[in-house]
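Q: Below is a structure I'd like to ask you about.
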Amino acid sequence: MFFTLFHTFNLFSIYAVWRRHLTVYRATWLSNFLPPMTEPIFYLFGFGLGLNPIIGKVIYLGHEIEYLKFIAPGMVGVAVLLQSFFEAAYGSFIRLQYQKTWQAILTTPIGYTNLFFGELCWAATKGIIAGCVTSFVIIISGFAALKDLLLFIPLIFISSFMFAALGLLVIGLINKIDEINLPVFLLVIPMSVMAGTYYPRSNLPDAIERIVSFLPLSALVDILRFNIAPHSNWCFELLEIIAWVILLTFLAWSSIHRKLFKKLLFFG
Amino acid sequence: MQLIAKNLHKKFKDFKAVDSFSFELNAGEVLGLLGPNGAGKTTIIGMLYGAVIPDAGEITLGEFNLLSGQASKAKQFMGVVTQENNLDPDLTVYQNLIVFSRFYGITGKKAEERVNYLLKLTNLIHKKDSNVEELSGGMKRKLILARSLVASPKFIFLDEPTTGLDPDARQDLWKLVNHLRNEGVSILLTTHYMDEAERLCDRIILLQNGKTIDAGSPSEMILKKIGKTVIEIYGVSQDQVQGVAEKYNLWWREFADGFLIALPDQINTLLEELKLLNATNIKERDANLEDVFLKLTGEKLN
């Protein structure tokens, strides 16, 4: 079965699907590009500047650091999460359920697997763009160093795929667009607030901290803060991110297949 | 190159959509798949391009086995016009075709030339930069047909290409189908319009409950199943019609608010006899494919 999966992989097909999205994106780039880019930046300055006088400094892993410097890497994580997840969950869902773009593409030589990975790569691309723009803003603002990019860029890259896969898994599981609210308000929004983005997770009660630490965004923001103070578990967290990417991609791939063909891949 | 489907089966829960269906589509042939709603036409076309996975059966296109990993290769030779309008509303008319060309691996100058040719062929060149939502129903169908032709396919599947179109737009599409036939393209067509099937198809398969109930060329089927002539009669009672029909052992059925009776050549007294019934209207006309459809699907339902 895995053999057939890789056998059907075709990079040009994946690119052709990705390129369709780029064509649309370029035609509407202003409305597409600006709001999502400015969102984490407003969070950074809105929360950061507003709360900075009250909080001043935070204690993170025993280090005392300026609040704005603390939340800056968190905002990179939030940007990646929101952009990849929402492109996959809303954008791909509309193309699948309403515009029937998936169904139209499936009449061509592009097979299901290549179409799926084209969608995944596009949603990840939007996360990568958002993560990079936010990184540049925090570097220019002096909340991170230029060398931090060496760490940020590979992390942004891999975690964009993780959250894109999460968004695609959501569309594989839901039938109506309203049902997107469930994962959005029960998982994505709480995760963006509680995963150690705006404050250290150690401020939370023990039991909650333990649960929240399992969320994919927690691992990401911890490693993004590597240059502030390396988390003792960073190695494990990196493996965790890779495991999430593989698991979520596989589940999304299988569940959307079931939705389109009424047949679950691998499970019969 | 030939498309061969053997023993296709598909069940949706307890409903048998396609039941042991086999057919061949030969090079340069226009084959019509006809049948009432729910007969399995769209499911069968879906199986051919991979949208529906059959429970059992075999489909080959030339050397390619469509159900065992060679579908992508086979689809290079296929164009599909789906029943629903799934044009890309995020793209212009021109972009729709360019983006689709890329899905077939056609890019750059080659794609541009082909797309411009197809837009001229379908009379859509003046709408090149329009959004697809601005097109009329007929233009949308023509654009979907143009889209299915980007890779110069040898096989085209048209799933109800003219449903909902006005007569002008319909014959516009017929012209394109005939143009493709003349170029040697093999065409599989489903339609609810019997006049359309009679006009376009070399051969017809009549489907009901996912099974073939009859097949042949339109003229053959009409002659074999109905004869040359039928009579439409209005303003008489069912008993009267039934009496006459049973006397001569003829096929008859209700038709709108009147009745339809097959009129064999050798019975010249029948018309006289019917005239004695004081009907409000009697019309003698050539038998057509719609009569065949009504006869065969009616028989099976009873």
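Q: Answer yes or no as to whether B:ILE187 is in contact (Cβ under 8 Å) with a residue 12 or more places away in the chain, more than 30 Å from B:ASP14 (Cβ to Cβ) and more than 19 Å from the chain's Cα centre (by Cα). It would help to see each step written out before you state the result.
A: Working: in contact (Cβ under 8 Å) with a residue 12 or more places away in the chain: yes; more than 30 Å from B:ASP14 (Cβ to Cβ): yes; more than 19 Å from the chain's Cα centre (by Cα): no.
In short, no.
Q: Could you figure out which of (1) without any contact (Cβ under 8 Å) to a residue 40 or more places away in the chain; (2) open to solvent by less than 30 Å² (accessible area, probe 1.4 Å) isn't true of A:LEU150?
A: All conditions pass for A:LEU150, except number (2).
Q: Inside segment A:61-120, can you point out the residues that are in a loop (DSSP other than H, G, I, E, B) and either in contact with a Leu (Cβ under 7 Å, 6 or more places away or on another chain) or open to solvent by 30 Å² or more (accessible area, probe 1.4 Å) (or both)? Can you show your working first?
A: The initial filter retains those residues of segment A:61-120 that are in a loop (DSSP other than H, G, I, E, B), namely A:61-62, A:99-100, A:106-111.
A:LEU61, A:GLY62, A:GLN99, A:LYS100, A:LEU106, listed by residue number.
Q: Just checking, does segment A:38-57 include any residue being acidic (Asp, Glu) and under 25 Å from the mean Cα position of the chain (by Cα)?
A: In the first step, residues of segment A:38-57 are kept if they are acidic (Asp, Glu); the result is A:39.
Of the ones still in play, those that are also under 25 Å from the mean Cα position of the chain (by Cα) are A:39.
Yes - at least one qualifying residue is present in segment A:38-57.
Q: Follow-up. Taking into account only those residues within segment A:1-21 that are over 23 Å from B:PHE100 (Cα atoms) and surrounded by 11 or more Cβ atoms within 10 Å (Cβ to Cβ), which is modelled with the lowest pLDDT?
A: Here the answer is A:THR4.
Q: Would you point out which residue out of B:ARG114, B:ARG147 is in a helix (DSSP H, G or I), charged (D, E, K, R) and facing chain A (nearest Cβ under 9 Å)? Break it down stepwise before answering.
A: Details: B:ARG114 fails: facing chain A (nearest Cβ under 9 Å).
On inspection, the qualifying residue turns out to be B:ARG147.
Q: Identify, from the list B:GLY79, B:GLY46, the residue that is part of a helix (DSSP H, G or I), of a type outside the set (A, V, I, L, M, F, W, C) and open to solvent by less than 20 Å² (accessible area, probe 1.4 Å). Reasoning before the result, please.
A: On the way: B:GLY79 fails: part of a helix (DSSP H, G or I).
Only one candidate passes the filter, namely B:GLY46.
Q: With segment B:224-302 as the region, which helices (runs of 4 or more DSSP H) entirely inside it contain at least 2 residues that are closer than 22 Å to B:ILE205 by Cα? First the steps, then the outcome.
A: On the way: elements: B:238-248, B:269-275, B:289-301.
Answer list for segment B:224-302: B:289-301.
Q: Filter segment B:155-194 for residues that are open to solvent by 10 Å² or more (accessible area, probe 1.4 Å) and hydroxyl-bearing (Ser, Thr, Tyr) and give the result.
A: B:THR163, B:TYR193
Q: Collect the residues in segment A:22-41 that are modelled with pLDDT under 85 and of a type in the set (Phe, Trp, Tyr), keeping them in residue-number order.
A: Step one: of segment A:22-41, the residues modelled with pLDDT under 85 are A:28-41.
Correct list: A:TRP29, A:PHE33.
Q: Going by what's in this entry, would B:ASN96 be described as part of a helix (DSSP H, G or I) and either in contact with a Phe, Trp or Tyr (Cβ under 6 Å, 6 or more places away or on another chain) or crowded, with 20+ Cβ neighbours inside 10 Å (or both)?
A: Working: part of a helix (DSSP H, G or I): yes; either in contact with a Phe, Trp or Tyr (Cβ under 6 Å, 6 or more places away or on another chain) or crowded, with 20+ Cβ neighbours inside 10 Å (or both): yes.
For B:ASN96, the condition - part of a helix (DSSP H, G or I) and either in contact with a Phe, Trp or Tyr (Cβ under 6 Å, 6 or more places away or on another chain) or crowded, with 20+ Cβ neighbours inside 10 Å (or both) - is met.
Q: Can you tell which of B:ILE125, B:ILE144 is open to solvent by 60 Å² or more (accessible area, probe 1.4 Å), of a type in the set (Val, Ile, Thr) and either touching a residue at least 40 places away in the same chain (Cβ under 8 Å) or farther than 20 Å from A:GLY111 by Cα (or both)? Can you show your working first?
A: On the way: B:ILE144 fails: open to solvent by 60 Å² or more (accessible area, probe 1.4 Å).
One residue alone meets the criteria, B:ILE125.
Q: Considering only segment A:126-140, state which residues are touching a residue at least 40 places away in the same chain (Cβ under 8 Å) and either open to solvent by 30 Å² or more (accessible area, probe 1.4 Å) or aromatic (Phe, Trp, Tyr) (or both). Reasoning before the result, please.
A: Start the filter on segment A:126-140 by keeping residues that are touching a residue at least 40 places away in the same chain (Cβ under 8 Å), which leaves A:126-131, A:133-135, A:137-138.
Result: A:ILE128, A:ILE129, A:VAL133, A:VAL137.
Q: Turning to a different aspect of this structure: Within segment B:198-236, track down each residue that is farther than 29 Å from B:ASN182 by Cβ, polar (S, T, N, Q) and open to solvent by less than 40 Å² (accessible area, probe 1.4 Å). Talk me through it step by step, then tell me what you get.
A: Keep residues of segment B:198-236 that are farther than 29 Å from B:ASN182 by Cβ, which gives B:208-211, B:213, B:225-236.
Those still in the list that are polar (S, T, N, Q) too: B:208-209, B:229.
Across segment B:198-236, the qualifying residues are B:GLN208, B:THR229.
Q: Same structure again: At pLDDT 95 or above and either outside the structural domain of B:LEU207 (by TED's automatic domain parsing) or over 26 Å from B:TYR193 (Cα atoms) (or both): is that true of B:PHE12 in this structure?
A: Working: at pLDDT 95 or above: no; either outside the structural domain of B:LEU207 (by TED's automatic domain parsing) or over 26 Å from B:TYR193 (Cα atoms) (or both): yes.
Taking the combined requirement at face value, the residue does not satisfy it.
The values are calculated or read from the model by the stated rules, or taken from the named source; none is laboratory data. Please read these numbers as outputs of a predicted model, since none were measured by experiment. So basically every Cβ, Gly included, is an ideal-geometry build from the backbone, and we count neighbours across all protein chains shown. Each accessible area value is taken on the protein alone, full model and side chains, heavy atoms only, with ligands, DNA and RNA left out. Shrake-Rupley method; radii C 1.70, N 1.55, O 1.52, S 1.80 Å.
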